[in-house]
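Only one structure is covered here, and it is reproduced in the block below.
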Amino acid sequence: MKLLFCGSGWLPVVDCVRQRLDDGDTIEIWDRQLALTSAVADADVILPSNAAITEQVINAATKLTLIQQPAAGVDAIDVEAATRRNVPVCNAPGANHLAVAEATLLLMLALARRLPRAQASFAAREIGVPLGVELHSRHLGIVGLGRIGSAVAERAAALGMTVHSVRSANSRSELHDMLGACDVVTIHAPLTEATRGLFDDEAFAAMKPGATIINCSRGPLIERDALVRALDSGHLGGAGLDVFWQEPWNPDDPLFRRDDVITLPHIAGSTEESFARIANIVAENLRRLKTGEPLLHQL
């Protein structure tokens, strides 16, 4: 059985999966010099990662028996096209929720202690600046209370924060009501047509002056230009971003040179432990595929 890993990132997960394959099974990484429609022609299983698995790609994969996303998000997969081909689509929900929750806290703390400015102060040999804030007694707003959002809530409560949440991001009025009460807002909602551009000028205007925002979910949940305007006006106190509007991102984007913006290279879910859990799910679904048993996490 041939597995094709189609993404451009998270390559360590390939090694984790390879260690769990049966004899005779192979996993290859898509050579991006080759069109994806050609690369999938002899693949039995596709691991999309961050590649767009369109109807054209699915139809080109004539041997395809499974699309196994080694993550939770399936917004780049044409699930309806796969269903028409009778190709199951599975994901790996919950495999990285602890990792993402911890990365969210990392960004919260870095923004609270103004880490970019602190690093500049260190280089300039300035002692005791900048002045940060404590997270204790601050109000945290969580957008999306699934596995990740719930894990963030537990950890924030342990820091002494007051936690607010909206379970679904579909109600903009409910969201905006919460935003005005929160010092920190963190997004853990899926990317859908309803949530695309969720944080626009109106949402930022509804936020508490000086509040910060964190996105470890999907880049397009935030409108880039609206974010810039909110930062430029001073209404938004800062942003912590692990995901972006285009990936790979443009490193020359002036947004990323601001000292009120902290960025990570889409690593919130990337830990040894989370990749091992993902690899176990992939290996188990390969076994079930061969034996005809029901697949895990089939959409």
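Nothing in this text is a laboratory measurement; each read-out follows from the coordinates by a stated rule. The shown structure was predicted, so the numbers you read here are calculated from the model rather than taken from an experiment. All Cβ positions, glycine included, derive from the backbone under ideal geometry; neighbour counts span all protein chains shown.
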Margin query: I need to check one value: relative contact order of the chain, counting alpha carbon pairs closer than 8 Å and at least 6 residues apart, in percent.
Written below: 17 percent
Margin query: Given points 7 Å out from each Cα along the Cα-Cβ axis, report the Gln56 to Arg172 separation in nanometres with one decimal.
Written below: 3.3 nm
Notebook entry, point to check: Hey, fewest Cβ within 10 Å first, where do Met161, Met1 land in order?
Noted result: Met1, Met161
Margin query: Is there a quick way to get the dipole size of the range 72-175? I mean about its Cα centre, with the Cβ of Lys and Arg at +1 and of Asp and Glu at -1; what is the value in debye to the nearest 20?
Written below: 160 debye
Notebook entry, point to check: the chain: longest stretch without exposed GluC sites (Glu not before Pro) (DSSP loop, at most 16 other Cβ within 10 Å), sites themselves excluded?
Noted result: 1-125
Next item on the list: Quick one: order Lys290, Lys208 by neighbouring beta-carbon count within 10 Å, fewest to most.
Entry: Lys290, Lys208
Check: Most exposed first by the Cβ proxy, i.e. fewest other Cβ within 10 Å, how do Thr62, Thr83 rank?
Finding: Thr62, Thr83
